[in-house]
1. How much FRET efficiency would the formula 1/(1 + (r/R0)^6) give for Ala21 and Leu54, where r is the Cβ-Cβ distance and R0 is 25 Å, rounded to 0.05?
2. Which lysines does Lys34 reach when only Cα atoms under 29 Å apart count, and residues fewer than 8 places away in its own chain are ignored?
3. As an exercise, use a Förster radius of 35 Å and the Cβ-Cβ distance of Ser7 and Asn44 to find the FRET efficiency, rounded to the nearest 0.05.
4. Given H placed 1.01 Å from N in the peptide plane, which residues other than close sequence neighbours of Gly5 have an amide H under 5 Å from its amide H?
5. By the scheme Lys and Arg +1, Asp and Glu -1, what is the net charge of all other residues having a beta-carbon under 13 Å from that of Lys15?
6. Can you tell me the order of 32-44, 7-19 when each peptide is scored by its average per-residue count of other Cβ atoms within 10 angstrom, highest first?
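Values quoted throughout were computed directly from the atomic coordinates according to the rules given, and no laboratory measurement underlies them. For clarity, every value in this text was computed on a predicted model and none was experimentally measured. Cβ coordinates were reconstructed from backbone atoms using ideal geometry, including for glycine residues, and neighbour counts include every protein chain displayed.
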Amino acid sequence: MQTMGISYFKTHALKILDQVAKKQEIIVITKRGKPLAQIIPYQNSISNHTSGKLADALVFENDIVSPLGEEMWDASK
């Protein structure tokens, strides 16, 4: 991981962004020696996921009437 000052990044931004895309490396931008931002290569995460984040949190029931019982199901219609 490479680090560089914000003033250097500001003057060479396009060249640095091309470098990040080509070499797939992470660059940390610093301001007065402290990390300020991180430039990471873009990855198309949509094609990597086949389901949404909440897909594993759902429980699918085959029979939705039985948990309530026939009486409660009829009352809630």
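1. On the way: r = 32 Å, r/R0 = 1.27.
About 0.20, to the nearest 0.05.
2. Within the straight-line limit of under 29 Å, Lys34 reaches these lysines: Lys10, Lys15, Lys22, Lys23.
3. E between Ser7 and Asn44, to the nearest 0.05, is 0.65.
4. It is Thr30, by chain and number.
5. Numbers: positive: Lys10, Lys22, Lys23; negative: Asp18.
Its environment carries a net charge of +2.
6. 7-19, 32-44
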